[in-house]
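Input: a single structure, listed below in structure tokens.
The values are calculated or read from the model by the stated rules, or taken from the named source; none is laboratory data. Owing to the predicted nature of the structure, the values given are computational and were not obtained by experimental measurement. Ligands, DNA and RNA are stripped out before the accessible areas are found, and what is left, the full protein with its side chains, is counted by its heavy atoms. Shrake-Rupley method; radii C 1.70, N 1.55, O 1.52, S 1.80 Å.
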Amino acid sequence: MYYSIGIRLGKLPIGGRWRNVIWQISVSLASVAFIVLVGYLIVMLRQSRKAMLQAQETLSGIQSQLMLTTEESIRTIRLSRQVLEDVQGRLKATDGFVAAMEQTGEAASTLSHSVKLVSRSLSDTVLEARESLHSRQDTVKDLIELTTTGIQLWQRWQAQKASPKSTPDE
């Protein structure tokens, strides 16, 4: 193998003793790098474990909240059903009342129409009676005038009849 500078491993111009030292330094550096890497991995694993525990606690809290929410939702749905059934029952109970009110309204309308007809008939009858009375008053007036005129004529006739008998000279 060649390095980038073109020197072959094992063909270093340095002697064998230095080769062992370089080899030991390289192994030591690799060991130190490995230990640092393992230490970093251990820290990372601990932090990830803490994060996982926190996530598990959060999920447990969310699960318990979800259970409570589910129970509350079930109670709310049951209560809503009961309220809905109660409202439906009350609506059914008021159906009879509404029907009775409709019939009462129809009866009131019929009664109002009948009262209007009776009122109109009564008004027409009163008007006819008034006209008839007025007509009869005129007739009575005419009869009184005729009677008065007749009496006056009769009195004059009687007066004229009596006058020629008492005064033959004229």
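Things to note:
- Criterion applied to E71, E102 was being in a helix (DSSP H, G or I) and open to solvent by 100 Å² or more (accessible area, probe 1.4 Å), and the one residue passing it is E102.
- Of the set (1) within 49 Å of the chain's Cα centre (by Cα); (2) β-branched (V, I, T); (3) open to solvent by 70 Å² or more (accessible area, probe 1.4 Å), all apply to T94 but (3).
- Checking each residue in the range 138-157 for being modelled with pLDDT under 85, open to solvent by less than 100 Å² (accessible area, probe 1.4 Å) and not aliphatic (A, V, I, L, M) picks out D138, T139, D142.
- Residue match in the range 110-117 (condition: open to solvent by 100 Å² or more (accessible area, probe 1.4 Å) and polar (S, T, N, Q)): no
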